[in-house]
Structure formats: structure tokens, C-alpha cells
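First comes the structure, then the notes that go with it.
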Amino acid sequence: APVTEAQLAAAERHLGRPLPPDLRALYLEADGDGGSEALAGYCWLPLDGALAEHDDYIQVPTWFGWELGWRQVIFDADPPNTVRRCSGHPGWLPFATWFDGNYFAVDLAPAAHGRPGQVIEVGRDFNDGPRYVASSVTAWLGQALGQPDPHAPQQTGDNTRQLVISALEEPLSPSVQAIHLNDAPSAVDLTPLLATPHLRRLHLNRCATTDLSPIAALPVEDLAIDLTPEADLTPLARHPHLASLAVGSETLIDLAPLRTLPALRSLDLSRCPTPDLALLADLPGLRYLALSATQWTALIAADRLPTHLAAARLAGAPPL
């Protein structure tokens, strides 16, 4: 049996937003498909089931706990700025699924370049950001019939969101948002990163860099780096996006630039010689701090613990 207008109105009051006309029209034909995979091969959820998935799961941002969540980054969809950069939102209503933990949802709160009622894919495999699918439910169903989406914004068509590489010698796609650089044989020149204007995560694993200057021009939010003896943190000063930082160094480094980072919430200094840690108390946004046992001892002795920490980690031990 179809959903009634009264049920649709109640659902909209619950969501605090109107449903798109095409999804309303579907529910006025039938209340889901009973698991028969009627919508482009996907199971169409009944309205109360869609609201239950929304309330229990889809509207809640994913949180992995401090062990992983301190450096969580949400990537942008393709096309950029069509979907909000979050892993869950009250304005996303799932309506179809394969019962694999992923859902097609109508986006009732799009980003600046999106359309209300656009279809996105969210769920278990999209904790680092939703996937843009179509401009509407009608357009999504039309795609299954081979019809073009008349309102689709221009997509790059490049799904290279993350790279795992051992050198920065190859040309980098401008759509890359995360790079894990492993085991480079010599000090890494980061200049080629300027070709990746959407880069939000950079991890240098078992290799070091001499100059962080290219990072200043990029929207990097999560940075894990080792520094050569001649490098320092000065190029990161006043970086507006940097939220999580893990630094390794064989020599003492000046932490003063950390005072200028407005978004910094998470910091790991456990692989550095013990610097002057007293300034950590001057970082009001700091929520997560990882230090070695020697560093914690020195910080506690100085009576300069950051006052707003939510989690503290002793390096080599699980989060506390």
C-alpha cells in the first residue's frame, strides 16, 4: 500500500525538511518494494525503515574513537562542493540499499554547488566522505535506463582520491586528496605537491623532508612527517586548515609555530627529542596529545598541561 499524505507530512516534520517531489511521488505509489530490488536493482526502503536508518545511523557522523579519530579527514565529493564534507548529516535520508551497510540517500542539505534532493551514496564504505551519484531521484533512475542526467554538474571522472607511492616523481592528479609516501630513499622534495590543490592528508612514512613550505599553500588537515636536521615547522605558521599533526625529528625543533595554528586539535610529538613543551598549555584547541614517557614526565613537572585535552596517549601504549 502507498504512504499517505499524512505520513509524508509527519516524516517531513520529523526531518525538519521537505522531501523532494520525486521521492514523495514514489512513496505515494508504494511504501517500498518489500525487498524485491525494484529501484535500479536496489531494495527500496519503506518510509519508516528509511527514517529508522536515518535516526540510528546516517545522521550521525562516524567516530572511531581517539585511537583513529584524532586524525580523521573527510574528503570532498566529485564534483567538488556538491555534498557537505561530513560522514553523517541530519539532512541525508536513505531510501535504497543492497543491505551491505551502504545506502543511496536524498541529500536535503547540499553544499553550495549541489541541488536539494540530489542522490548520494553513504554508509559503511563512505566514512571518509559521501559519493555524489545524481542530481535527483528521477535522474538516478534515468541513469539505470541509459539516460543522461540533465542537471549533473561537471565531474572530473578521476577517482584517484588517495595515493600510496614511494616517490613524488610522477605527475600527480589535481584531484588527489590524500598521499601516503613510503620509504623514499632520500630527503623528499614536496614541491610537486603544488599540483594537488585539494590535498587534505599527507603522511611521510619512514622518510623525511627538508622543507615544509609547499604545505603552506595547500588545504592539508592531517600531516604526519619526519624532518631532516635542517628543517623546522616555521612554514606551517598560520596554516588555516591543519588540524592534526604528527612530527618526527632527530634534533630539537622549535614548537612556537604551533601557537599560530587556529585549527590544531591533535598533536603527536612522541618521535621528537624532548623540546620545551610548556607552550602546549597555550593551545586552547588541543584535544589529543601523544608524548613519550620522558616528555609526559617533563610536561607534568613543568605544571603546564593543556587544559582542554579529551585524550592523552603514552607513546607505545593504547589511548587513555
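The values are calculated or read from the model by the stated rules, or taken from the named source; none is laboratory data. Predicted, not measured: the structure shown is a model, and the values here were computed from it. Neighbour counts run over all protein chains shown; Cβ positions are idealised from the backbone, glycine included. Ligands, DNA and RNA are excluded from the accessible area calculation, which covers all protein heavy atoms including side chains. Shrake-Rupley method; radii C 1.70, N 1.55, O 1.52, S 1.80 Å.
Worth pointing out:
- The range 171-213: number of residues that are more than 16 Å from Ser249 (Cα to Cα), over 20 Å from the mean Cα position of the chain (by Cα) and not in a loop (DSSP other than H, G, I, E, B): 6
- Number of positions in the range 35-58 that are surrounded by fewer than 16 Cβ atoms within 10 Å (Cβ to Cβ) and either in a helix (DSSP H, G or I) or without any contact (Cβ under 8 Å) to a residue 12 or more places away in the chain (or both): 8
Condition check ((1) outside any loop (DSSP other than H, G, I, E, B); (2) surrounded by fewer than 21 Cβ atoms within 10 Å (Cβ to Cβ); (3) out of contact with any strand residue (DSSP E or B) (no Cβ under 7 Å at 6 or more places or on another chain); (4) of a type outside the set (A, V, I, L, M)) across all residues:
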{"site": "Glu67", "(1), (2), (3), (4)": "yes, yes, yes, yes"}
{"site": "Thr82", "(1), (2), (3), (4)": "no, no, no, yes"}
{"site": "Leu93", "(1), (2), (3), (4)": "yes, no, no, no"}
{"site": "Tyr103", "(1), (2), (3), (4)": "yes, no, no, yes"}
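- From the list Phe126, Phe99, the one residue that fits, being open to solvent by 30 Å² or more (accessible area, probe 1.4 Å) and at positive phi, is Phe99.
- Restricting Ala167, Ala216, Ala112, Ala152 to those that are part of a loop (DSSP other than H, G, I, E, B), open to solvent by 30 Å² or more (accessible area, probe 1.4 Å) and modelled with pLDDT of 95 or more reduces the list to Ala112.
- Among (1) among the aliphatic types (A, V, I, L, M); (2) modelled with pLDDT of 95 or more; (3) touching a Lys or Arg at 6+ places or on another chain (Cβ under 7 Å); (4) in a loop (DSSP other than H, G, I, E, B) - the single one Leu264 does not satisfy: (3)
- Candidates Trp70, Trp44, Trp63 - the one that is over 21 Å from the mean Cα position of the chain (by Cα) and of a type in the set (Phe, Trp, Tyr): Trp44
- Hey, Val133 among the β-branched types (Val, Ile, Thr) and open to solvent by 60 Å² or more (accessible area, probe 1.4 Å) or not: no
- Scanning the range 251-276 for residues that are open to solvent by 30 Å² or more (accessible area, probe 1.4 Å), under 23 Å from Gly316 (Cβ atoms) and not basic (Lys, Arg) turns up Thr251, Leu252, Pro273, Thr274, Asp276.
- When residues in the range 178-200 are screened for being polar (S, T, N, Q) and open to solvent by 50 Å² or more (accessible area, probe 1.4 Å), 2 of them pass.
- Condition broken by Ile300, with the remaining ones in (1) open to solvent by 60 Å² or more (accessible area, probe 1.4 Å); (2) more than 21 Å from Glu67 (Cα to Cα); (3) in contact with a helix residue (DSSP H, G or I) (Cβ under 9 Å, 6 or more places away or on another chain); (4) of a type outside the set (Phe, Trp, Tyr) satisfied: (3)
- Flag if Ala246 is surrounded by 16 or more Cβ atoms within 10 Å (Cβ to Cβ) and in contact (Cβ under 8 Å) with a residue 40 or more places away in the chain: yes
- Selection status of Leu26, surrounded by 15 or more Cβ atoms within 10 Å (Cβ to Cβ) and either in a loop (DSSP other than H, G, I, E, B) or at pLDDT below 95 (or both): no
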